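The values are calculated or read from the model by the stated rules, or taken from the named source; none is laboratory data. On a predicted model such as this, the values are computed, not experimentally measured, just so you know. When we count neighbours, we look across all protein chains shown, and the Cβ atoms used for this are built from the backbone with ideal geometry, even at glycine. Just the protein is used for accessible areas: all its heavy atoms, side chains included, with ligands, DNA and RNA removed. Shrake-Rupley method; radii C 1.70, N 1.55, O 1.52, S 1.80 Å.
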Amino acid sequence: MRRFLPAAASCPADRTLARRLDAALARPAAQQPHWPDPARARTVLRRLDRADPIVVPEETAVLSARLASVARGEAFLLQGGDCAETFADTTEPHLRANLRTLNEMAEVLAGAAGLPVVKVARMAGQWAKPRSRVLDPHGLPVYRGDIVNSAQATTAARTPDPDRMLRAHAHAARAMDIVRAAAPGGDVHVSHELLLLDYERSVLWVDTGCPEPRLSSGLAHFLWIGERTRRLDGAHLAFAELLSNPVGVKIGPGVTPELAVEYVRRLDPHGTPGRLTLVSRMGHDRVRDVLPPIVEKVNASGHEVIWQCDPMHGNTRTSRNGYKTRHFDQVADEIAGFFEVHRRLGTHPGGLHVEVTGEDVTECLGGTPALTEADLPARYRTACDPRLNAAQSLQLAHLVADLLRG
Ligand code: PEP
Ligand code: MN
């Protein structure tokens, strides 16, 4: 495969892709920063285009094949890691601890399911965050992830800085080296949210192995579109259509069965099993009502998607002492509801998407022994959403194991 350099596109296939990429990126895009110095941003983009790859298409093809087996009900997908990676946490202890937790969870699940578990880390690129508000409670521009600005509470720190994209790329390369060293010859794939388009449009290959030429991202094996950027006429969806990587879409409780089928048609035009993962994040109190008609309609379309449960993002709340948190029992209940729905409809509850860390943080409530609201301040360290700690993650894996044996 050859690298895609839009500015130097010479053959017709590359010129067509360059035109389609421009058209995709010209569509409305939510959640993008306004770089204060557009000239500097353009310089950064030119450098990123030729930057080293984090992953290579051959590895992505291996993941695609494994995800096809998940879609067919012959494997289970476990995806997890930090809500937001930070530059400060591109360290061997942190990344190894997160990988260890993912591995331990996978072992528990594989034993129970009697199926291989495909592991995908939220790692080596999970820098950009969508936000519900533009300003924080102090009236400062919100933190949008280390790839855009700094979490520090000053106007200067919160001003978007395009040079951070180069730092993010360098940190992703370091993180990926650590991942590869931690799993020699192994099988951990990496993923992040397809959010910051100025970053995602870089480090691409031309993939001619598809029914029509596509672009293979060199920034992650798997990319997903978030709940806040999945509009049908938007740039994120149009960009994902151009990729040959397997992709996901988060679907919240507002998604209708018709809309879900539209995502499937757009992102899986050739009926490739596992090309698309629908990541439901409905909330524990909604999943049993909202998910069934979606599963039925998508199933009737004949496309073989992966059904993955994100039990975190529909169950976020603020504790009385002011921390963004989630309760272990509600997380577990959303997964139970997800399994109930798929068991009833005869579809494969194919995977789990979780925010977890191998560290002993105090960010989510509950578990055994139960963390209480008073415990939250002790080691509340996340840069964005609350993660299950190592013990809670393993407890959750055992509960899911019971459901898989179910
Ligand atoms: C996330 O996965 O961190 C996230 C922001 O999820 P969602 O788009 O589902 O809210
Ligand atoms: Mn999150």
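Details
- Only protein atoms count toward the accessible area here, which uses a 1.4 Å probe; on the stretch 22-137, the carbon and sulfur part of that area reaches 51 percent.
- In this simple spin-label approximation, T256 and A370 carry label points 7 Å from Cα along the Cα→Cβ vector, and these lie 4.1 nm apart.
- Using a Förster distance of 45 Å, the FRET efficiency for A156-E74 (Cβ separation, nearest 0.05): 0.30
- To put it simply, the accessible area of the stretch 271-406 at a 1.4 Å probe is 49 percent carbon and sulfur.
- Label positions at R180 and T318, each projected 7 Å from the Cα along the C-beta direction, are separated by 4.4 nm.
- Extension reserve of the V62-S301 stretch, reckoned as 0.36 nm per residue once the Cα distance is removed: 83.4 nm
- Extreme residue, positive dipole direction of the chain, given options G80, L396, Q32 (C-beta unit charges): Q32
- log10 of Debye I(q)/I(0), alpha-carbon scatterers only, for the chain at 0.09, 0.10 Å⁻¹: -0.50, -0.63
- Lysine pair count for the chain with Cα-Cα distance under 25 Å and sequence separation of 8 or more or different chains is 6.
- Taking a ≥ b ≥ c as the square roots of the eigenvalues of the alpha-carbon gyration tensor, the stretch 140-275 is classed oblate because a/c is 1.5 or more while a/b is no larger than b/c.
- Cα centroid of the stretch 234-274 to Cα centroid of the stretch 118-171, whole Å: 25 Å
- Residues T208 and R133, FRET efficiency given R0 of 41 Å [Cβ-Cβ distance, rounded to 0.05]: 0.40
- Annotation: extensible slack from R266 through R3 equals 92.2 nm (criterion: 0.36 nm per residue apart, minus Cα-Cα distance).
- Spacing of the two label points (7 Å from each Cα toward its C-beta) at L166 and L232, in nm: 4.2 nm
- Applied to the stretch 74-91, the Karplus parametrisation 6.51 cos²θ - 1.76 cosθ + 1.60 on θ = phi - 60° returns per-residue 3J(HN,Hα) values of 9, 7, 10, 9, 10, 10, x, x, 4, 5, 10, 6, 10, 4, 4, 9, 7, 10 Hz, with x for Gly and Pro.
- With the highest mean first, a sort of the peptides 7-17, 247-257 on other beta-carbon atoms found within 10 angstrom per residue produces 247-257, 7-17.
- Accessible surface, per residue, of the chain when the full set of protein chains is kept, probe 1.4 Å, Å²: 39 Å²
- Using R0 = 30 Å, the C-beta based FRET efficiency linking A173 and A378 works out to 0.35.
- Translational diffusion coefficient of the stretch 39-110 (Stokes-Einstein, Kirkwood radius from Cα pairs, 4 °C, 1.567 mPa s): 83 µm²/s.
- The orientation-averaged projection of the convex hull spanning the C-alpha atoms of the stretch 241-330 amounts to 6.7 square nanometres.
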